[in-house]
Structures are given as structure tokens and as C-alpha cells.
1. Give me the accessible area per residue for segment 169-266, probe 1.4 Å, as a whole number in Å².
2. Tell me, how many Å apart are the Cα centres for segment 3-38 and for segment 84-109?
3. For segment 184-266, with all protein chains present and a 1.4 Å probe, just round the carbon and sulfur fraction of the accessible area to a whole percent.
4. Ordering Tyr239, Tyr37 by how much accessible area each has at a 1.4 Å probe, largest first, what is the list?
5. How big is the accessible area of Val18 in square angstrom, nearest 10, if you roll a 1.4 angstrom probe over the protein chains?
6. Can you sort Ser107, Ser223, Ser258 by 1.4 Å-probe accessible area, starting with the largest?
7. Would you mind checking which residues have amide H under 5 Å from Gly167's amide H? H placed 1.01 Å from N; only 5 or more apart, or other chain.
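The values are calculated or read from the model by the stated rules, or taken from the named source; none is laboratory data. Note that this is a predicted model, so its numbers are computed, not measured. SASA here: full protein model, heavy atoms, side chains in, ligands and nucleic acids out. Shrake-Rupley method; radii C 1.70, N 1.55, O 1.52, S 1.80 Å.
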Amino acid sequence: MDFGVVFPTTQIGTDPAVIRDFAQTAEGLGYRRLQVYDHVLGAVHTDRDPPLPGPYTEHDPFHEPLTLLAFLAACTTTIELGVAVLVLPQRQTALAAKQAAEVDLLSRGRLVLAVGTGWNYVEYQSLGASFGDRGGLAPRPARGDIPLYFGGGAEASLRRAARTGDGFVFGSASPHTHQRAARLRELLAAHGRDPDAFPMETMIDYSLGPQAWAGQVPVWQASGGSILSIRTMSTGAGYHGVPHARLPDPAAHIAALSEFRRVVRG
């Protein structure tokens, strides 16, 4: 099994040198993949009708993922660059495909694109996209050799992945994730696809500590998982039901990459 890292987009800041150092540290430590989250806009949660349940608000900064990965393509040479997940229905299909192809070109074929439908209906409204129709769009990128992963919490996302996807990204390492991984493997088999050849990635929070990190490696591997990624940022910790990592600055996020690799290497 390989290991990945989640880019701490809400806590890394805006210094290009720091962003470069984070990615180069991950690459130097042998991480296979760097995943970036996607939100175009933040939204006020207070007094929303219907309620807005997600973990991010108008105060959480998000780097634009494909622009960021184009920058990181020039800063790195081997690490895979991923988006988990790109909220595809908010974007013009042809434009998103062209942008993805460009990142793949500039990175010399290192882009892994995971797509989903998102949860933030306010973001959809602000971008002039239909939230109700978001489940009907799942195009492949313009370049056929860009791996297209899926992500999401609904059964429909698992079905789409089993039918047409190249892999799946889960949002956390939990018993529910392992159940959904088993369900995905059932769906793959029903489509005549080999579940053991289908990559699955999940994420574990830095705040859970070394014992949990080490313990999750054999469990995720037994579930058929191929990549376990470390998430150092605490934004959304309450939503996911995990402690806050409380890393004080970007340097601490970078140092955490070495600590995680040391533990999981055994």
C-alpha cells in the first residue's frame, strides 16, 4: 500500500515558497500522491434554510485546485497531483477538461482527477449552476489517459465509479468508509470488473495520533485500499468527529509529513 498527503489548503497560507516546500517535502519523503480539496466560494451557515451542514464557512480560504496543481507541477517531478474532489457540475465541462489536460501536460502525466457533486447548495447558486441537477453530469476528461476517480457520500457515486471510474477517494478512515469500500467492491464485481485492480484512497487525520495511523494501515489494506493519505489541517475536524490537530504554522504541517512517514514505515 502507498501513502499520500492532503494539501492543508485552509491553513497553509499564501506564501508560494511555503507551498512549494510542502509539496517538495512530501515528494522527498516518498509520498505517492498529493491531494487538493476544492471549493470556489465560502458561505455563511447561520440561519440558512435549508441548513448548510458542511464543515467549511466563509472564513475558510481555499486555493483554486487546478491553478495550484499547475504551480506544483513546476515545483515537483515525481509525486502524483490530485484533486479530491473537483465539484464538476459547477464548471463548464469543456473548460474543466481543457484545464485538466493542461495540468496533465505540464506535470508530464502526473494528474489524477477525482470528481464529485459536492454538498454546498449556496456555492452552486452563486455560480449559476443547478444544485438539483448536479447528479447527472459525469464526463471523462479530454485526455483519455488521465485517471478519473470519483468521490462522494451517496450510493450513486459508488455506482458511477463502479461503472466508469478508474478509482475512488473516500473522505476519512472510519468503519463507515470500510463498509462503503466493501459495497464498491460488490458493485465492481457486478460490472465484471476486478475489485483488486481498482484503486481506493482514504484519509486519516493527523490529530488521531501515531497509534491510530499505524493501526489503520493493515485495516485499510485488508479492505482493498491502495493509498492512505495523511490530513494535517484541522478545518472540519468537528464535522468529522476527530480532535483538532492545532498545528501552529505551515512549518508544523511540513514536519508532520516526516512524522507520519516514520510511523507508518514501521
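1. 45
2. About 19 Å separates the Cα centre of segment 3-38 from the one of segment 84-109.
3. Looking at segment 184-266 in its full context, I get 51 percent from C and S.
4. Tyr239, Tyr37
5. 40
6. If we order Ser107, Ser223, Ser258 from most to least accessible, we get Ser258, Ser223, Ser107.
7. Excluding prolines and chain starts, which carry no amide H, the hits are Phe150.
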